[in-house]
Amino acid sequence: QVQLVESGGGLVQAGGSLRLSCAASGRTFSRYAMGWFRQAPGKAREFVATISRSGGSTYYADSVKGRFTISRDNAKNTAYLQMNSLKPEDTAVYYCAAGNLGSYLERNYDYWGQGTRVTVSS
């Protein structure tokens, strides 16, 4: 069992930056691939980024590639999402997730956080 808690969301102007954190409980964090997803108002949840167990492999949605960076610190049981050059269309609730398989597919993740809200003003 893994419990995930996101933090770092807030209100930022377009062009600004935020760093989201996802703190995981337990001693098995390094066994899981981690992912970030987001859900904008009135829209379905969508994939943002994923990182492998070791952190050696990452993959991004086209909409955030070059602006967002996913990382992890297995010693701290924490995953991060550095978001730069934010746009109003990045406004959403951001969720972190942990799973054995990872990837861009929601069904590959077994554990989810409660979400943190990001609002980007124009």
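The values are calculated or read from the model by the stated rules, or taken from the named source; none is laboratory data. Computed from a predicted model, the values in this text were never measured in an experiment. With ideal geometry, Cβ positions are generated from the backbone for all residues, glycine too; neighbour counts draw on all protein chains shown.
Residue check: is R67 touching a helix residue (DSSP H, G or I) at 6+ places or on another chain (Cβ under 7 Å) and at pLDDT 95 or above? Spell out how you get there, then give the answer.
Details: touching a helix residue (DSSP H, G or I) at 6+ places or on another chain (Cβ under 7 Å): no; at pLDDT 95 or above: yes.
So R67 does not fit the description; no.
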(request) List the number of the failed condition for T78; all other conditions in (1) more than 28 Å from S122 (Cα to Cα); (2) among the hydroxyl-bearing types (S, T, Y); (3) in contact with a Gly (Cβ under 8 Å, 6 or more places away or on another chain) hold. (result) (3)
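Of the residues that make up segment 31-40, is at least one in a loop (DSSP other than H, G, I, E, B) and touching a helix residue (DSSP H, G or I) at 6+ places or on another chain (Cβ under 8 Å)? Talk me through it step by step, then tell me what you get.
Filtering segment 31-40 down to residues in a loop (DSSP other than H, G, I, E, B) leaves 32, 40.
If we keep only those that are touching a helix residue (DSSP H, G or I) at 6+ places or on another chain (Cβ under 8 Å) as well, we get 40.
Taking every residue of segment 31-40 in turn, at least one turns out to be in a loop (DSSP other than H, G, I, E, B) and touching a helix residue (DSSP H, G or I) at 6+ places or on another chain (Cβ under 8 Å).
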(request) Collect the residues in segment 73-122 that are without any contact (Cβ under 8 Å) to a residue 40 or more places away in the chain and in a strand (DSSP E or B), keeping them in residue-number order. (result) D73
(request) Looking only at segment 69-110, count how many residues are crowded, with 21+ Cβ neighbours inside 10 Å and of a type in the set (F, W, Y). (result) 3
(message) Give me the residue from segment 54-68 that is under 16 Å from G35 (Cβ atoms) and not small (G, A, S) and, out of that set, surrounded by the fewest Cβ atoms within 10 Å (Cβ to Cβ).
(response) D62
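So, S71, is that one under 11 Å from the mean Cα position of the chain (by Cα) and polar (S, T, N, Q) or not? So that I can check it myself, show each step before the final result.
Details: under 11 Å from the mean Cα position of the chain (by Cα): yes; polar (S, T, N, Q): yes.
When the stated conditions are applied, S71 passes them.
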(message) Looking at segment 25-36, can you tell me whether even one residue there is on the phi < 0 side of the Ramachandran plot, without any contact (Cβ under 8 Å) to a residue 24 or more places away in the chain and crowded, with 18+ Cβ neighbours inside 10 Å?
(response) no
